[in-house]
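Visitor: Supplied in structure tokens, the structure appears directly below.
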Amino acid sequence: MSGSILRFNGGLHLGLSVVSQEIARRTATDDDALFSIYGRIFGDQAAAANRSRGVWQYGKNPQSPDGPVILVARADARPLGQLGTMPVSLWWDDREVRASWGIDYFVAPEAEGGGLAVELAKTWMRGVDVALALGLSPASYLICKRLGFRDLGEVPFFQAVLDPAAVVRRRWGAIAGAVAAPVLNAVWRLRQPPRARLYRDIDVRPAGEIGPEYDALWERARPGFAACVRRDAAYVDWKYRRAPHVSHHILEARRGGELTGFAISRYDDYRGVRIGWIVDLFAPIGDRSTRNALLASVMTAFRQAGVVRAQMFCTSEALAADLRHHGFFRGRSTAHLCARPNGVSDLPTTRPGDWHVVFGDSDSNR
């Protein structure tokens, strides 16, 4: 798609005039107009945050060596909307293919209904082997369905309460929390898994250098998934260590000195409640010992940090089973997942439980 311009007929009615339209790569001259539209739709604070993380998100992506791939819709050279993309290398069935997440997708309110949103999506999906969409708005979802995207449902959301008394205090007051705390904490401890048996051969420590071991881990692990974004050293370093807008904690699991998996976590405060996010947890699909050792270590760190509730999104049924083992339960999810294969096998779309999609994918982890 580099350097391409798509001009199409039909015209866009703005006031009394009918203008020509085009879809092309975004340039610096589009910035002010597009950030202004973004601010009108999502608010000035969101627009400022979008601008501040843009250099990292678009310009530093290791799968985007030729610079940001952001499609802009123009009418008579006037920017009226865009579709940003996050290029990735995607394990798809039995090979890696060119894919991208669709992000930062919007059209100016005065241009809605003129076909620009549909043309942006068409241009995007034609340029990759698999187009991926996560956390769609109702309007975006309808466009994706119209263009043949496969609906993979909502990414399951899991949560675990680490401090039941804190939840009671928040809902019913300090006295109720104090009375209920001994019983609730005793019940919570009984639900925790025995620590030693399943993963005593795994050593978990904070990550050092993100280097070639991550590439080797990816090569070993990828055949176990129906679909998974390439999680090599370049990706992990960019996505989690160098993200400027949030601080991530990276834990590594090793067996006999060999890297067998990693976990990414972060903290957030939501209405006075300390939240611990498991942003990503990656290991070969058959290595339950590594997943459980990483989960136990993350949960220990959460408790030490005063986390009240732990949360994770994940599609993997194997990882979901391990989350339940550590006291997680299903909650309500609004993270809709869709995919549009383009000239490649459709088989992975029939096996969403074998995908590895988490909160760290796309641009959800803001």
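The values are calculated or read from the model by the stated rules, or taken from the named source; none is laboratory data. In this text the structure is predicted, and so the values were computed from the model without any measurement. Heads up, the Cβs are rebuilt from the backbone with ideal geometry, glycines too, and the neighbour counts pull from every protein chain shown.
Visitor: Quick one: which of 5, 41 is surrounded by fewer than 18 Cβ atoms within 10 Å (Cβ to Cβ) and at pLDDT below 90?
Guide: Of the residues listed, the single one that is surrounded by fewer than 18 Cβ atoms within 10 Å (Cβ to Cβ) and at pLDDT below 90 is 5.
Visitor: Looking at the range 324-335, I want the residues that are at positive phi and have a partner that is of a type in the set (Lys, Arg) with Cβ atoms under 7 Å, at least 6 apart or on another chain. Which pairs are those?
Guide: Short answer, once both residue conditions are applied: 327/191.
Visitor: Hey, among the residues in the range 94-115 that are modelled with pLDDT of 95 or more and either of a type in the set (A, V, I, L, M) or part of a loop (DSSP other than H, G, I, E, B) (or both), which one's surrounded by the most Cβ atoms within 10 Å (Cβ to Cβ)?
Guide: 99
Visitor: What strands (runs of 3 or more DSSP E) lie completely within the range 266-362 and have 2 or more residues being of a type in the set (D, E, K, R)?
Guide: Strands (runs of 3 or more DSSP E) meeting the threshold: 273-282.
Visitor: Mind telling me which of the residues 223, 206, 212 ends up being touching a Leu at 6+ places or on another chain (Cβ under 7 Å), surrounded by fewer than 20 Cβ atoms within 10 Å (Cβ to Cβ) and either of a type outside the set (S, T, N, Q) or more than 21 Å from residue 97 (Cα to Cα) (or both)?
Guide: Selected residue: 206, the only one of 223, 206, 212 that is touching a Leu at 6+ places or on another chain (Cβ under 7 Å), surrounded by fewer than 20 Cβ atoms within 10 Å (Cβ to Cβ) and either of a type outside the set (S, T, N, Q) or more than 21 Å from residue 97 (Cα to Cα) (or both).
Visitor: Next question, about the same structure. Which pairs have Cβ atoms under 7 Å, sit 6 or more apart or on different chains, and link a residue in the range 227-250 that is in contact (Cβ under 8 Å) with a residue 60 or more places away in the chain and within 16 Å of residue 61 (Cβ to Cβ) to one that is crowded, with 18+ Cβ neighbours inside 10 Å and of a type in the set (Asp, Glu)?
Guide: Filtered contacts from the range 227-250: 229/361.
Visitor: Okay, next question. How do the pairs read when you match residues in the range 210-224 that are modelled with pLDDT of 95 or more and among the acidic types (Asp, Glu) with residues anywhere that are buried (at least 17 other Cβ atoms within 10 Å of the Cβ) and assigned to a helix (DSSP H, G or I), using Cβ under 9 Å and keeping only pairs 6 or more apart or on different chains?
Guide: Every condition considered, the pairs that remain are 213/233; 215/233.
Visitor: Further question on the same structure: Among (1) out of contact with any Cys (no Cβ under 7 Å at 6 or more places or on another chain); (2) at pLDDT 95 or above, there is one condition residue 244 misses while meeting the rest; what is its number?
Guide: The failed condition is (2).
Visitor: Does residue 73 satisfy the condition of being of a type outside the set (Asp, Glu) and within 25 Å of residue 227 (Cβ to Cβ)?
Guide: no
Visitor: Related question: Taking the options 289, 362, 265, 297, name whichever one is of a type in the set (Gly, Ala, Ser), outside the structural domain of residue 57 (by TED's automatic domain parsing) and either over 25 Å from residue 211 (Cα atoms) or without any contact (Cβ under 8 Å) to a residue 40 or more places away in the chain (or both).
Guide: None of the others qualify; the one that does is 265.
Visitor: Still on this structure: Take residue 340 and tell me if it is crowded, with 21+ Cβ neighbours inside 10 Å, in contact with a Gly (Cβ under 9 Å, 6 or more places away or on another chain), over 26 Å from residue 246 (Cβ atoms) and among the charged types (D, E, K, R).
Guide: Yes, satisfied.
Visitor: Would you call residue 260 crowded, with 17+ Cβ neighbours inside 10 Å and not assigned by TED's automatic domain parsing to the domain that holds residue 61?
Guide: Answer is yes for this residue.
Visitor: Restricting attention to the range 220-257, which residues are in contact with a Lys or Arg (Cβ under 9 Å, 6 or more places away or on another chain) and more than 18 Å from residue 356 (Cβ to Cβ)?
Guide: 242, 243, 244, 245, 246, 247, 249, 254, listed by residue number.
Visitor: Out of curiosity, is residue 136 assigned to a loop (DSSP other than H, G, I, E, B), surrounded by 21 or more Cβ atoms within 10 Å (Cβ to Cβ) and hydrophobic (A, V, I, L, M, F, W, C)?
Guide: yes
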